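Read the figures in this text as sums done on the coordinates, not as results from a lab. Quick caveat: nothing in here was measured; it's all calculated off a predicted structure. Please note: Cβ atoms are built from the backbone with ideal geometry, for glycine as well, and neighbour counts cover all protein chains shown.
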Amino acid sequence: MFFSCLFDYIDFTGFLLVFFLFLLLKYIITDKNPPCFPPGPWPLPFMGNIFTGLDFRTIDKLAEEYGDVFSLRWGSEKIVFISGYKMVKEALVIQLDSFADRPSNVPMFDQILNGTGLIISNGYLWKMQRKFANSHLRNFNKGLRGLELIIQEESVYLCDAFKEEQGPFDPQLLLSSAVSNIISSLVFGHRFEYHDKQFQNILQLDSEAIFLSGLTRTQLYNVFPRLFNFVPGPHQKMFANYSKVLEFLNDEINKHKEDLDSSNPRDYIDAYLVEMEKRKSDPEAGFNFDTLLSATLDFFEAGTETSATTLCWGLLFMMKYPEIQRKVQAEIDRVIGHSRLPSMTDRPNMPYTDAVIHETQRLGNIVPLGAPKRACKDTMLGGYFIPKGTTITTSLSSVLKDKNEWETPGSFNPGHFLDEKGQFRKRDAFLPFSAGKRVCLGEQLARMELFLFFTSLLQHFTLTPGPGEKLSLEGQLGFTYAPISYHINVNLR
Ligand code: HEM
């Protein structure tokens, strides 16, 4: 009745205009920011700031303009960005209960993982899954010493594979294979040969999927999931890759089910299957097949790409700065020599090498925007009001390059981690693993991997760039920030 009366006065174009103005008014009224909400660039109606990239360089630039706490809008979702050591520490450490959750109902995660797993879960389920994973990491193979032995053994395979290379080569895949074998030992109870075609293929599919997931164009799926289900683009390739990776993990889990001996769990999957039986009366803890599949993928994703990318940066920095490489090798020769494997007991005696690895993580900046979180309650931060449910992103990049914390934030300077006597010094703003309740679960394991693999390689080889190699320190951004692929020459020492 209302519309037929309206048509008596205006034509169809006029009707569309009125309808649009009505939607616009509704949008302006219902989507209005609350008082004291963090400032940010003006959002377009309905779309928000989707034309503003979500890469760390853009975010760090916007922080210079709008301050350490600012906001963007993606579609109808408001995202608050937190930058600089002081503010990130305030959010993650001082107000640790306010920002301990992950955003829920993220369309991309729902599509890939059914919304389950360790990394993206919250509340009781997350607590139980994290506790279980933590205790597996601590107790697997007699604890950290057992893990150290596995890494040492793998470093021998890695050095052998480097030796076999004829001429310059891209080390990325070998480093990923070595690092993922540590996770494979933990999760599947065995490693894979570096020439295992099926496993290499899975690693490549997974690495590509992680890269695609970080692209702004892929993130658009989260804004318009229904529409983007039918639109071609990088998100489709990412989903296709994930479904193959999950199929592979599914097969591994099924093999474990077939020969499970509950009294003698061999690895994470076995231990999890046993826990599923024990926890039958507590479904809220989420010990079921879906969560096992997602948590296995979590281990792989979180544990492979990160450490391998850091090692890729490490080798690149050593080629770029040969005098630093020589100093590391001199320390290795003095403390370890050439007749035995590096071990974790060497680290306290190797402050320079330790500083170089820390500086690699700082300048490598491999997870520049951390992992997204959600405000669990209404919170005040830096004088701004952040309502419960708002998505939060902490710029770890801005912390690792904070001008107030680092003497030469833009250069590779191991001196950042050395005192005047040349001894190792810890730095508060060193947060590549983030901080607070969601701090990286694998920090200790990763630090062990970085030390043992890095020192083993430099104990055996002098690294030089392949012919004509430019060695760019500009990385490429997916979910992690990785060096542009390069070719390396390894000369036996
Ligand atoms: C150099 C290597 C690594 C770096 C730089 C790194 C960094 C990070 C960062 C920044 C986060 C997000 C923390 C947050 O939300 O505040 C994270 C989470 C996580 N990492 Fe790592 N990580 C590394 C290696 C590993 C390894 C080897 C594992 C395997 C055990 C692992 C397992 C995890 C898990 C399970 C989470 C999610 C924790 C949760 O949501 O409760 N990471 N990591």
Between the alpha-carbon centers of the range 358-401 and the range 25-102, tell me the distance in whole angstrom.
-> 10 Å
Magnitude of the Cβ-charge dipole of the range 357-477, K/R +1 and D/E -1, about the Cα centre, nearest 20 debye?
-> 540 debye
Using θ = phi - 60° and the Karplus relation 6.51 cos²θ - 1.76 cosθ + 1.60, list the HN-Hα couplings for the range 241-251 in order, rounded to whole Hz, with x at every Gly or Pro.
-> 4, 4, 5, 6, 5, 5, 4, 4, 5, 4, 4
How much mean residue ellipticity at 222 nm does the chain get from its helices, if each DSSP H run of length 4 or more adds -39500 (n - 2.57) and you divide by all residues, to the nearest 500 deg cm²/dmol?
-> -15500 deg cm²/dmol
Relative to the Cα centre, what is the charge dipole magnitude of the range 139-255, using +1 at the beta carbon of each Lys and Arg, -1 at the beta carbon of each Asp and Glu, and rounding to the nearest 20 debye?
-> 540 debye
Tell me, in nm to one decimal, what length is gained between residue 134 and residue 320 on full extension, where the rule is 0.36 nm per residue of separation less the Cα-Cα distance?
-> 63.2 nm
Here the relative contact order (percent) of the chain, from C-alpha pairs under 8 Å and at least 6 apart, is 23 percent
Treating the angle as unsigned and between 0 and 90°, give the value, to the nearest 10°, between the Cα long axis of helix 322-335 and the longest Cα principal axis of the chain.
-> 50 degrees
Let me know the shape class of the range 437-493, please: from the alpha-carbon gyration tensor, a ≥ b ≥ c as square roots of the eigenvalues, rounded when a/c is under 1.5, otherwise prolate if a/b is greater than b/c, or oblate.
-> oblate
For the range 280-294, take each phi angle, set θ = phi - 60°, evaluate the Karplus expression 6.51 cos²θ - 1.76 cosθ + 1.60, and give the result in whole Hz per residue in order, putting x for glycine and proline.
-> 4, 7, 10, x, 4, 6, x, 7, 9, 4, 4, 5, 4, 4, 5
Just grab the label-to-label distance for residue 427 and residue 464, each label 7 Å out from Cα along the Cβ direction, in nm (one decimal).
-> 3.1 nm
Non-local amide H neighbours of residue 48 (under 5 Å, H modeled in plane, Pro and chain starts lacking H): which ones?
-> 75
Express in whole angstrom the spacing between the alpha-carbon centres of the range 416-493 and the range 156-205.
-> 18 Å
Spelling it out for residue 381: with amide H atoms placed in the peptide plane at 1.01 Å from N, the residues 5 or more places away or on another chain with amide H under 5 Å from its amide H are 386
Residues whose built amide H sits under 5 Å from the amide H of residue 461, excluding neighbours closer than 5 in sequence, are 493
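When every alpha-carbon pair in the chain is counted, what percent end up more than 38 Å apart?
Pairs farther apart than 38 Å: 30 percent.
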Of 272-281, 186-195, ordering from highest average Cβ density within 10 Å down gives 186-195, 272-281
Using +1 at the Cβ of each Lys and Arg and -1 at the Cβ of each Asp and Glu in the chain, identify which of 185, 464, 221 lies farthest towards the dipole's positive end.
-> 221
HN-Hα J couplings of the range 84-99 from phi, Karplus 6.51/-1.76/1.60, θ = phi - 60°, integer Hz, Gly and Pro as x?
-> x, 4, 4, 6, 5, 5, 4, 6, 8, 9, 6, 9, 4, 6, 7, 10
Computed magnitude of the charge dipole of the range 139-205 (debye, nearest 20; Cβ of K, R +1, Cβ of D, E -1) | 280 debye
